[in-house]
1. Conditions: (1) surrounded by 19 or more Cβ atoms within 10 Å (Cβ to Cβ); (2) in a loop (DSSP other than H, G, I, E, B); (3) within 11 Å of another protein chain (Cβ to nearest Cβ). B:Gly435 meets all but one. Number of the miss?
2. Can you pull out the residues in region A:189-211 that are surrounded by fewer than 20 Cβ atoms within 10 Å (Cβ to Cβ) and either among the aliphatic types (A, V, I, L, M) or farther than 25 Å from A:Ile266 by Cα (or both)?
3. Can you tell me which condition B:Thr333 does not meet? The list is (1) within 14 Å of chain A (Cβ to nearest Cβ); (2) in contact with a Lys or Arg (Cβ under 8 Å, 6 or more places away or on another chain); (3) assigned to a strand (DSSP E or B), and all the others hold.
4. Could you grab me the full set of residues in region A:29-60 that are in contact (Cβ under 8 Å) with a residue 40 or more places away in the chain and out of contact with any helix residue (DSSP H, G or I) (no Cβ under 8 Å at 6 or more places or on another chain)?
5. Scanning for something under 22 Å from B:Ala515 (Cβ atoms), in contact with a Phe, Trp or Tyr (Cβ under 9 Å, 6 or more places away or on another chain) and either of a type in the set (Gly, Ala, Ser) or part of a helix (DSSP H, G or I) (or both), does region B:71-85 turn up at least one residue?
6. At positive phi and without any contact (Cβ under 8 Å) to a residue 40 or more places away in the chain - does that describe any residue in region B:246-265?
7. Condition first: within 12 Å of the chain's Cα centre (by Cα), crowded, with 24+ Cβ neighbours inside 10 Å, over 17 Å from A:Glu295 (Cα atoms) and of a type in the set (Ser, Thr, Tyr). Can you find one or more residues in region A:179-186 that meet it?
Amino acid sequence: MKRGPGQANNIGLTRNEYTGSASTLCKGCGHNSISSQIIQVAYELSLKPEEIIKLSGIGCSSKSPAYFLGMSHGINALHGRMPAVATGALLANASLKAIGVSGDGDTGSIGLGNFKHLVRRNVRMVYVIENNGVYGLTKGQFSSTADEGQELKYAGDNPFPEMDLCLEALIAGCGFVARSFAGDVKQIRALLKAALSHRGTAVLDIISPCVAFNNQDISTKSFGYGRANQSSLHEIGYVPPMEEIILQDHEPGELEIVELHDGSQIQLRKLEAEYDASDRIEAVRRVQLSQEHDEFLTGLLYIDSTRPSLSEVAHLVETPLAELTADQLRPSKNDLDAALKRYM
Amino acid sequence: MEKRNNGTRLTHRVVNDFSIVVSTANGTGSQTANLGLLRAFFDMGIPVNGKNIFPSNIAGLPTWYHIRVSQEGFVGRKEPSILIAFNRATFLGDVAELQPGGVCFYNRDFGLVPDRDDITCYPIPVKEMTADSALKGKLKEYVANMTFLGVIAEKIGISVENIEYALLHQFGGRQKLVEPNIEVVRVAFEWSKINSVKSDPFYVSPLGKTHGKVLMTGNEAGALGAVFGGVSVAGWYPITPSTSFIDALRKFFPEMRNDGEGKATYHVVQAEDEIAALGIAIGAGWAGARSLTATSGPGISLMSEFVGFGYFAEIPVVIWDIQRVGPSTGLPTRTSQGDLASTYQLGHGDSKHVVLLPSSIEECFQFGYQAHELAETLQTPVFVLSDLDLGMNSWMGDPFPYPNEPIKRGKVLSSEALGSGPFERYKDVDGDGIGYRTLPGNTNPISAYFTRGTGHDTKAEYSERGKDWEENFKRLRRKFETARGLVPGATKDVMQGSSLCIVAFGSTRYAIEEARHVLSRKGFPTDFVRIRALPVSHSDLSLFKEHEKVIVIEMNNEGQLCGILRNEMPEVADRFISVAYLDGMPLTSEWVECRLGKHLEGWS
């Protein structure tokens, strides 16, 4: 599966053809690292650019879809409102794979309602939160995910408790909840691949440090803290559909295998023996425990691939609604006459 | 006039031209009786209109149902001559408001007696009439409303068969449900015949004026129009008076937009708020499906940012605003035309939108499909401004003709049409201000672009350059001029020798048309221009050149249309005189007549 960047993938595209315009974010920003992984994953999975749409809200994170997958359509919506736009776009064309990129302000404050309802409806999309605890474009105000008691030069003290967006997703009924760290490219790639195969909304809360305003080692949203404290629940392996599934040697109970909707498989090699990623109550408990103990817990916190997505619940036809012909769009004259007759 | 009983007996008969008000508490099941009565008139061939004047409440507060019958076909609101007083709480007030010479049918069990000697009264012993009914509890309460149906039918000349037929329609053809109701109607009818003497002048008599017509609400007609316009995705949030638009959409969709194998070619999402409702519709419009949302004033306020986004990123979407009285929560169950100015320019910064202004169920249907055509042609949000009166009340109309223009999807480039390009999303290739767009899923590698609400150049690339901004807005203005040539033009009705011209839009036409009729009989002919869209079309601009006085009538406080017309037609701006009024009730012909009188030479 490893390929050099100049080498074409299964559909004849090089890695370069998955890039976008040059990033205008700060040098060293965690978001750039995540964009690179999205590019790498799309390339490795040989995704067709026309089958992907990119969506975002407003903020530093939300600028980034311009910097990857330049051959895919994208839309930069309003602050906090990307979930609604995604819902509509994916109803109009349920055959598309959607990658949404949001930030902690976009998701955790102005768009919290939209976010939770997206998750609740299980709109099939990858929802990446580039979480750095601050508002970057407006110069460093605290977001709702900032550490309680944190002090920052510009923002001052933060007396309010930290909002955990993975918990919010879990409580809203999300079937794919993961946390990762922009410094752990291997884990991000595996999670992105699995998320793209998920049946509904896949939430990836990725701690993505803001080098301008919130990267002191003491901050839980910094590179230093992440590198020193990241504790993974498991090593994640992703096996694409159609590929032969080979299980490596493992102790009983060490490997958790999750079949995904499209025939692919996630293999979780457990580092925390008792953790069961299919147990939602356990996931909620474990995330809260990690908060209590100041742990930086990463991995696939919860997976349930049985819940149908919105477009399944809607019983939509195979043909994307956007591609219906004029005849399919406009009912017949008989239909009109029959409807009017009831009012005569 | 000969005085008789406790009322006044007029020597002449008033046939097929009066208004009835049924006063009840909401939640008492009176709507079946109200609509049954309306339907009975309609079935007799008498032109009708039914208006529900209801409270923002689930049960217990007063509600009034107005029925207008009119030999001449005028269906605007008219002050009622007949009161059916079935709400004890408002009894005295209702009686006090009745026109002199009017008639009061009332529930005798209240123990109250109308304290007027200039009206005719018919007490109805409701308990006695329903005593034999087998129904119990709430159902017995509901069926009590059938007593007034029976008595009024007997007194004004509707047959029990007519009532039965109307109720059958009301109950969707289920005879079993009609039975216990019509039984009470019969009892009441017979009682009335024997126990009270006709002593009022109001009668109905069959006419042939409703044959082949439909009776429906504007919201139903609009939703039907949207379905025939190919709408596929709707996002919405419940709000009076637009909710019944979506209810109708959800009724028509499964009947007409399934693939025959249980799969849907549509979806309706009840969103978490109006912001998301429009966001969903805009997302669908961006991805290539015809989409809409329906809302009212407070929802429009919330949608403002998304409307600006849709305008600037140039995404087709249709927004129905069923206007109610604002600002703020205002009067949620009363009608107004107060959102004209705000929707026309909704959004921060410079933005201007196409606003369609239906006045009838026929136009709700027609604009219902045309709005989608315009939105995709112009790649922009299009508003349809209806109001509570038009949207929720029952109107007569001709059956809607099947749309004969084929569905066109605007300037969308397929992979083949795009070929080897070049492709610049916002370039004005044709000089009409409208660029070419591509949709997600397009396999042509040069088709992709990044849609954004931030400043952009013709290639949709982020740009903060002043020149790019300026050029983009020049093009958007060109596009708006293109819109001017595409929107439905105003209608103009001319009377010989008229000295003034009336201008209006939407549902006020009914009161205005009746007033013009009355005025012309009195020797005051008028012209009437009805604006059907903003921006006013090219042809509209010439309509006022010959008039020295143009009276702009509208149901808001600020004279919003008048302000817009003055702005759009500076050369004739001083001719526009604003007659704006709003109290939440639909205008009456009498009011219009009175307000116009001031501007008529020789009026006294």
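1. Answer for B:Gly435: the failing condition is (3).
2. A:Val211 - this is the single residue of region A:189-211 that is surrounded by fewer than 20 Cβ atoms within 10 Å (Cβ to Cβ) and either among the aliphatic types (A, V, I, L, M) or farther than 25 Å from A:Ile266 by Cα (or both).
3. Among (1) within 14 Å of chain A (Cβ to nearest Cβ); (2) in contact with a Lys or Arg (Cβ under 8 Å, 6 or more places away or on another chain); (3) assigned to a strand (DSSP E or B), B:Thr333 violates only (1).
4. Selection gives A:Glu51 alone.
5. yes
6. Yes, that holds for at least one residue.
7. no
For every residue, the table says whether it meets (1) free of Cβ contacts under 8 Å to residues at least 24 places away in the same chain; (2) under 22 Å from the mean Cα position of the chain (by Cα); (3) within 19 Å of A:Ser109 (Cα to Cα).
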{"residue": "A:Asn131", "(1), (2), (3)": "no, yes, yes"}
{"residue": "A:Val134", "(1), (2), (3)": "no, yes, yes"}
{"residue": "A:Tyr154", "(1), (2), (3)": "no, no, no"}
{"residue": "A:Asn158", "(1), (2), (3)": "yes, no, yes"}
{"residue": "A:Leu196", "(1), (2), (3)": "no, yes, no"}
{"residue": "A:Cys210", "(1), (2), (3)": "no, yes, yes"}
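The values are calculated or read from the model by the stated rules, or taken from the named source; none is laboratory data. This structure is a prediction, so every number in the text was calculated from the model and none was measured. Cβ: placed from backbone, ideal geometry, glycine included. Neighbour counts: every protein chain shown.
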